[in-house]
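Below is one structure, written out as structure tokens; comments come after it.
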Amino acid sequence: MGENEPMDDLDAAILAGVREYWTSVDPVPPDLVDRIRFALDLANMDAEVSRLTEMEKVAAARGDERSRVITFDSESLTIMITVVSDAAGVRRMDGWLTPAARHSIELRTDENNLNTESDESGRFAFGTVPAGLVQLVVRRDATQTVTTPAFSL
């Protein structure tokens, strides 16, 4: 019964018990596959990655709306977004870039990718945003891309 011996039925039963235990006490997150896909797609991009610097939940003054303010910083760009959800669960995302300029903006989602452009003041918006894992990609020019880490809405 040395370490170089082949596995037998007892070894397989022990490993199956360990797998069953860890599956029950620490199951694999349901969105793990989506997070891995985002990470692999990002690895294939030549992009500057921003970091989350601030996230705050705010209750709106009117109605049943709830909002989140999220800020991402990189060496060349700051991205601030506000996500507002109404009582029906419809989400809208408004964003601002600093330094302000026109840039192509892509919102990568589990369902599809949404595209828009910021105006000369750096403002952009997505009218309806699905729930789930998302990622913003800002194309500053043909060679410079800034992306956020994946985050959940």
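Read the figures in this text as sums done on the coordinates, not as results from a lab. All figures in this text were calculated on a predicted structure; none of them were measured in a lab. Neighbour counts are summed over all protein chains in view; Cβ atoms, including those assigned to glycine, are modelled from backbone coordinates with ideal geometry.
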Next on the checklist: I'd like the distance between the alpha-carbon centres of the range 7-37 and the range 98-119, rounded to an integer number of Å.
Outcome noted: 38
Next on the checklist: Run the simple label-point estimate for ASP86 and TYR21 please: 7 Å along Cα→C-beta, distance reported in nm.
Outcome noted: 5.2
Checklist entry - Each label point is 7 Å from the Cα along the Cα-to-Cβ direction; what then is the distance between the points at PHE151 and ASP110, in nm? => result 1.8
Checklist entry - Per-residue HN-Hα couplings for the range 14-23, Karplus 6.51 cos²θ - 1.76 cosθ + 1.60 at θ = phi - 60°, whole Hz, x for Gly and Pro? => result 5, 5, 5, x, 5, 4, 5, 4, 5, 5
Item to check | Relative contact order (percent, whole number), the range 85-146, Cα cutoff 8 Å, 6+ residue spacing | outcome: 37
Checklist outcome for this item: Residues whose built amide H sits under 5 Å from the amide H of SER50, excluding neighbours closer than 5 in sequence, are THR147, THR148
Checklist entry - Which far-off residues, 5 or more places away or on another chain, put their amide H under 5 Å from the one on GLY122, with H placed in the peptide plane? => result ALA101
